[in-house]
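Asker: I'd like to ask some things about the structure below.
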Amino acid sequence: MFPGSEFSWEEDPKRLAFTSARYKFVAKMVEGMDKVLEVGCNDGYFSRIVRQHVNHLVGMDSDPEAITIAKKMNSEKWNIYFQQWSIMDSTVLSQPGFDAVYCLDVFEHIEDENTLLQNLAFFAPMCIIGTPSKESQAYASEVSKKHHVNCKTKGELKEAMKKHWKHVLMFGMSDEVLHTGFDPMCQYLFGIGLK
């Protein structure tokens, strides 16, 4: 299992701040939507930030241990539906018809990006992908470098997404701040695909 929120709290508490900011950005982009899918929700700790802004949220992750934790932490108030499933296996999921799909800190772990993007595009007319930039890897930890097998520049991510969505909007983020400056200085990228 990739380390969840408990690991971050113990090893690198400030990570919780910028991860929360990423989820807040997604929440504002999908605000008011009825049904949204999160791919790679891990332990679901940050999913509530998005759920606060949408009517229904489904969180899925391929790691059964992470989904077990997510279900234990779930509450009646937030009522997120968590399911163990891999986006890479197929487009079969028990909850069809989403308004938007998003995945944060997933893309960089997937070598077969075409299958990932194709399956994400299947689920909803809007997709948000958040991933560390290729340029940021010079400063990444050894653990991150080992697991980050598919990092892109802003331009490369846009081109990859344009194969599956008609319009692609690109944003950058450095820590908790939306970055609108020189692209290679972005630590984190957001691509929003729209059909």
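Asker: Of all residues in region 26-44, which are part of a strand (DSSP E or B) and either at pLDDT below 95 or open to solvent by 20 Å² or more (accessible area, probe 1.4 Å) (or both)?
Answerer: Once the filter is applied, which keeps residues that are part of a strand (DSSP E or B) and either at pLDDT below 95 or open to solvent by 20 Å² or more (accessible area, probe 1.4 Å) (or both), region 26-44 yields only Lys35.
Asker: Please specify each residue of region 56-83 satisfying the condition of being of a type in the set (S, T, N, Q) and within 12 Å of Asn42 (Cβ to Cβ).
Answerer: Ser62, Thr68, listed by residue number.
Asker: Can you find a residue that is surrounded by 18 or more Cβ atoms within 10 Å (Cβ to Cβ) and in contact with a Gly (Cβ under 7 Å, 6 or more places away or on another chain) anywhere in region 84-94?
Answerer: Taking every residue of region 84-94 in turn, none turns out to be surrounded by 18 or more Cβ atoms within 10 Å (Cβ to Cβ) and in contact with a Gly (Cβ under 7 Å, 6 or more places away or on another chain).
Asker: Which residues, taken from region 148-192, are surrounded by 15 or more Cβ atoms within 10 Å (Cβ to Cβ), in contact with a helix residue (DSSP H, G or I) (Cβ under 9 Å, 6 or more places away or on another chain) and basic (Lys, Arg)?
Answerer: The answer is Lys152, Lys154.
Asker: Do we find a residue being open to solvent by less than 60 Å² (accessible area, probe 1.4 Å), at pLDDT 95 or above and aromatic (Phe, Trp, Tyr) anywhere in region 74-82?
Answerer: First, the residues of region 74-82 that are open to solvent by less than 60 Å² (accessible area, probe 1.4 Å): 74-75, 78, 80, 82.
Next, from what is left, pick out any that are at pLDDT 95 or above: 74, 80, 82.
If we keep only those that are aromatic (Phe, Trp, Tyr) too, we end up with 82.
Yes.
Asker: Within region 155-195, which residues are more than 16 Å from Arg22 (Cβ to Cβ) and assigned to a helix (DSSP H, G or I)?
Answerer: Hits for region 155-195 are Gly155, Glu156, Lys158, Glu159, Ala160, Met161, Lys162, Asp183, Pro184, Met185.
Asker: Considering each residue of region 127-152, count those that are closer than 21 Å to Val26 by Cβ and either part of a strand (DSSP E or B) or β-branched (Val, Ile, Thr) (or both), and give that number.
Answerer: Matching residues across region 127-152 total 8.
Asker: What are the residue pairs meeting all of these: first residue in region 14-25, first residue free of Cβ contacts under 8 Å to residues at least 40 places away in the same chain and more than 12 Å from Leu178 (Cα to Cα), second residue open to solvent by less than 20 Å² (accessible area, probe 1.4 Å) and part of a helix (DSSP H, G or I), Cβ atoms under 6 Å, and 6 or more apart or on different chains?
Answerer: What qualifies is Arg15/Ser8; Leu16/Ser8.
Asker: Test of understanding: among Glu108, Glu113, which residue is in contact with a helix residue (DSSP H, G or I) (Cβ under 9 Å, 6 or more places away or on another chain), open to solvent by less than 10 Å² (accessible area, probe 1.4 Å) and acidic (Asp, Glu)?
Answerer: Only one candidate passes the filter, namely Glu108.
Asker: What are the pairs, 6+ residues apart or on separate chains, where a residue within region 108-125 that is under 16 Å from Met60 (Cβ atoms) has its Cβ under 9 Å from a residue that is open to solvent by 40 Å² or more (accessible area, probe 1.4 Å) and of a type in the set (Asp, Glu)?
Answerer: Asn119/Asp89; Ala124/Asp99
Asker: Go through region 96-124 and count every residue that is touching a Gly at 6+ places or on another chain (Cβ under 9 Å) and not in a helix (DSSP H, G or I).
Answerer: Looking only at that region, the number is 6.
Asker: Still on this structure, I have one more. Checking Ser47 against (1) under 21 Å from Ala17 (Cβ atoms); (2) surrounded by fewer than 18 Cβ atoms within 10 Å (Cβ to Cβ); (3) hydroxyl-bearing (Ser, Thr, Tyr), only one condition comes out false. Which one?
Answerer: With (1) under 21 Å from Ala17 (Cβ atoms); (2) surrounded by fewer than 18 Cβ atoms within 10 Å (Cβ to Cβ); (3) hydroxyl-bearing (Ser, Thr, Tyr) applied to Ser47, the lone miss is (2).
The values are calculated or read from the model by the stated rules, or taken from the named source; none is laboratory data. Only a predicted model underlies this, so the values are computations on that prediction, with no experimental measurement involved. For neighbour counting, all protein chains shown are included, and Cβ atoms are generated from backbone atoms with ideal geometry for every residue, glycine included. All accessible areas refer to the heavy atoms of the entire protein, side chains included, with ligands and DNA or RNA removed. Shrake-Rupley method; radii C 1.70, N 1.55, O 1.52, S 1.80 Å.
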